[in-house]
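Beneath this line is the structure, given in structure tokens, with notes to follow.
The values are calculated or read from the model by the stated rules, or taken from the named source; none is laboratory data. Everything numeric in this text was worked out from a predicted model, so none of it was measured. Glycine also receives a Cβ, built like all others from the backbone with ideal geometry; neighbour counts cover every protein chain displayed. Surface accessibility is based on the protein's heavy atoms, side chains included, excluding ligands, DNA and RNA. Shrake-Rupley method; radii C 1.70, N 1.55, O 1.52, S 1.80 Å.
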Amino acid sequence: MSSALEPIGVIRTAASDEEVKASAEDLESSIEVFEPFEPALAGIDGFSHLFVLTLLDRIGEQGRTTFQVKPRGLLRLGLALDELPTIGVFACDSPVRPNPIGLSVVRLAGRDGRVLTVRGLDAFDGTPVLDIKPYGPDRIVADPAVPAWHRDLSEKAGTRRI
């Protein structure tokens, strides 16, 4: 089975790749929705948050065949590499994965025509956007469970946000 996805837009940000990697929480970016898809934005105003699906277009073939990693994003929380377990890519948000699709929950800061201004998007300038979906109260999961390795790392890092 083969499938082709058509990008509906592109990410625009003044942040460098290193700034995006270090912490995208406070970064402001724009999602430029391509003109043919502008009608699909009707009704999006008023949502505080959105899901943004991106194509991780910088991941090469080797990244698509790597199935286990150390979750290196946790290094920015002060954890050491030797403290990180080797886990499957489906158990983390590593960009290395069989289908290089990124998922971010972002704050919608504004809209100007077919350009959405968002905060918290962890994507590089020029990254293709595959889809945008609203985040609403029907999506909230109360008290999600996590595996023991995740809880242990959270305690070591002194945070609940891993």
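Descriptive notes on the structure:
- Largest mean-square fluctuation among 109, 91, 142, in a Gaussian network model of the chain whose springs join Cα atoms under 10 Å apart, belongs to 142.
- Solvent exposure of region 19-128 as accessible area per residue, Å², 1.4 Å probe: 57 Å²
- Stokes-Einstein, applied to the Kirkwood radius of the chain over Cα pairs at a viscosity of 1.567 mPa s and 4 °C, places its translational diffusion at 75 µm² s⁻¹.
- In sequence order, region 37-47 has phi-based couplings of 9, 4, x, 5, 7, 4, x, 6, 4, x, 6 Hz under the Karplus curve 6.51 cos²θ - 1.76 cosθ + 1.60, θ = phi - 60°, and Gly or Pro positions carry x.
- Residue 72 accessible area, 1.4 Å probe, all protein chains in place, Å² to nearest 10: 140 Å²
- Largest GNM mean-square fluctuation across 26, 131, 122, computed for the chain with C-alpha springs under 10 Å, falls on 26.
- Per-selection Kirkwood Rh - region 67-162 (Cα, Å, 1 d.p.): 15.9 Å
- Rounded percent of accessible protein surface that carbon and sulfur make up, region 14-72, 1.4 Å probe: 51 percent
- Most to least accessible of 133, 156 (protein chains only, probe 1.4 Å): 156, 133
- Residue-level accessible surface for residue 132, protein heavy atoms, 1.4 Å, Å²: 30 Å²
- The Cβ shell under 13 Å around residue 114 holds other residues with a net charge of -3, Lys and Arg each +1, Asp and Glu each -1.
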